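Q: Take this structure first; my questions come after.
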Amino acid sequence: MRLAFSKMQGLGNDFVVLDATAHPIAIDPALARRLADRRFGIGCDQILLVEPPRLPDTEFYYRIFNADGSEVEQCGNGARCFARFVRDRGLTDHDEIPVGTAAGPIRLYLEDADQVRVDMGAPEFRPERIPFLADRQALTYDLAVAGESLVIGAVSMGNPHAVILVEDLDTAPLARIGPLVEAHPRFPQRVNVGFMQILARDHLRLRVYERGAGETLACGTGACAAMVHARRCDLVDSRVRVSLPGGDLLIAWNAPGEPVWMTGPAVQVFEGEIAL
Ligand SMILES: N[C@H](CCC[C@H](N)C(=O)O)C(=O)O
């Protein structure tokens, strides 16, 4: 069997995108891992599946699988690539595209050049979404990990994010601490782990050790979660440039209950077929 795909990237966070609008594509964890494998497969951080709509007033349903095979609720860089994919494939002729996800509906807006703007929905702080948030009033929590005493914030963008504020991102213990926090028992669904350095009230740096993928060059939901946490701590204003190793995203958010807006690039790298 041969499977057609498009290889795309958003700030170096890379994806295999599959069109399942005409015919269903069954993806189990083993197939996801095979497609994501950078030696025995195509290679990517996540697989994105484009399906017919499931939610009212949406044009498509968007599913995401991490490189480790786990299916997850949301992917921000992937959402921008999703918009570019469905437009370039002629699956829609709209510049504003409502899409359903496991985290609820999001809206994609094709801008000029390769830029896409996304209404990511409102961030969540409910303990039901992230059990780590035992006391919803608290902004940060202490967590002992491998002898380190960490001060951690947590935000859900549909998928769970831990946010750790550091003085110097270049010396942050991401490689050592990232996997330990990702799998910490206080996060039963596991968690994405962002290390954030504030540069100004409109600019922060971020590296993310992603759940199910390890450190990536960029994480869209991670950028949203980091900005939201920084704003809740009154460290930034309502529009922030988030500088990740793969490049910059513009994140805008005002207050709880309001949506997070993310703007950034989406690029197709190549198309292909894989023999399965
Ligand atoms: N690793 C994430 C999914 C991909 C998110 C990231 N690539 C983004 O751009 O938001 C998770 O397990 O929740």
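The values are calculated or read from the model by the stated rules, or taken from the named source; none is laboratory data. Predicted model, so just to flag it, every value in this text is computed and none were measured. When we count neighbours, we look across all protein chains shown, and the Cβ atoms used for this are built from the backbone with ideal geometry, even at glycine. These accessible areas exclude ligands, DNA and RNA; they are computed on the full protein's heavy atoms, side chains included. Shrake-Rupley method; radii C 1.70, N 1.55, O 1.52, S 1.80 Å.
Q: Would you mind finding the longest exposed-site-free stretch of the chain, with exposed GluC sites (Glu not before Pro) meaning DSSP loop and at most 15 other Cβ atoms within 10 Å?
A: 1-110
Q: Now, a different point. Taking every DSSP beta bridge that has both residues in the chain, what percent is antiparallel when rounded to the nearest 5?
A: Working: 64 of 79 bridges.
Given both bridge residues lie in the chain, the antiparallel proportion sits at roughly 80 percent.
Q: Would you mind classifying region 109-202 by shape? Square roots of the alpha carbon gyration tensor eigenvalues, ordered a ≥ b ≥ c; an a/c under 1.5 is rounded, otherwise it is prolate if a/b is larger than b/c and oblate if not. Mind dumping the intermediate values first?
A: Numbers: a/c = 1.93, a/b = 1.33, b/c = 1.44.
The shape class here is oblate.
Q: Looking only at region 154-240, where both bridge partners belong to it, what percent of the DSSP beta bridges are antiparallel (to the nearest 5)? Don't jump to the answer; show the numbers that get you there.
A: Values: 13 of 18 bridges.
Given both bridge residues lie in region 154-240, the antiparallel proportion sits at roughly 70 percent.
Q: Hand me the trypsin sites (Lys or Arg not before Pro) from region 46-117 located in a DSSP loop with no more than 16 other Cβ atoms within 10 Å, in residue order please. Present the calculation step by step, with values, prior to reporting the outcome.
A: Numbers: sites: 54, 63, 80, 84, 87, 89, 107, 117; in loops: 54, 89.
Those satisfying the criteria are 54, 89.
Q: Still on this structure, please answer the following. Let me have the 222 nm mean residue ellipticity of the chain computed from DSSP H runs of 4+ only, each contributing -39500 (n - 2.57), with the sum over all residues rounded to the nearest 500. Could you put the intermediate results ahead of the total?
A: Details: 4 runs with 43 residues, N = 276.
Only helices count here, giving -4500 deg cm²/dmol.
Q: Is the shape of region 182-276 rounded, prolate or oblate, going by the alpha carbon gyration tensor and its root eigenvalues a ≥ b ≥ c, with a/c under 1.5 for rounded and a/b larger than b/c for prolate? Walk me through the numbers before you get to the answer.
A: Working: a/c = 2.05, a/b = 1.37, b/c = 1.50.
Verdict is oblate for region 182-276.
Q: Got the relative contact order for region 127-258 handy, in percent, Cα pairs under 8 Å and 6 or more residues apart? Mind showing how you got there, number by number?
A: Values: 259 pairs, mean separation 25.4, N = 132.
Relative contact order for region 127-258 comes out at 19 percent.
Q: Now for a different question. Rounded to whole Å, give me the distance from the Cα center of region 173-234 to that of region 116-172.
A: Cα centroid to Cα centroid, the span is 7 Å.
Q: Once both labels are modelled 7 Å past Cα along the beta-carbon direction, what's the residue 175-residue 22 spacing in nm?
A: With each label point 7 Å from Cα toward Cβ, the separation is 4.6 nm.
Q: Shifting gears a bit: Relative contact order for the chain using alpha-carbon pairs under 8 Å, separation at least 6, rounded to a whole percent? Mind dumping the intermediate values first?
A: On the way: 689 pairs, mean separation 58.5, N = 276.
Normalised by residue count, the contact order of the chain is 21 percent.
Q: Once you order the gyration tensor axes a ≥ b ≥ c over the Cα atoms, which shape class does region 25-140 get: rounded for a/c under 1.5, otherwise prolate or oblate by comparing a/b with b/c? Please list the in-between numbers first.
A: Details: a/c = 1.87, a/b = 1.15, b/c = 1.63.
Oblate.
Q: Right, another one. Report in % the part of the accessible area of the chain that belongs to carbon and sulfur, leaving out ligands and nucleic acids; probe 1.4 Å.
A: Details: 5700 of 11340 Å².
Within the chain, the accessible surface is 50 percent carbon and sulfur.
Q: Also: So how far apart, in nm, are the two label points at residue 89 and residue 102 if each is 7 Å from Cα heading toward Cβ?
A: Label-label distance for residue 89 and residue 102, simple model: 2.0 nm.
Q: If you don't mind, there's one more thing I want to ask. Accessible area per residue for the chain in Å², computed with a 1.4 Å probe and the full protein assembly in place, what is it? Spell out each step's value before the answer.
A: On the way: 11340 Å² over 276 residues.
That works out to 41 Å² for each residue.
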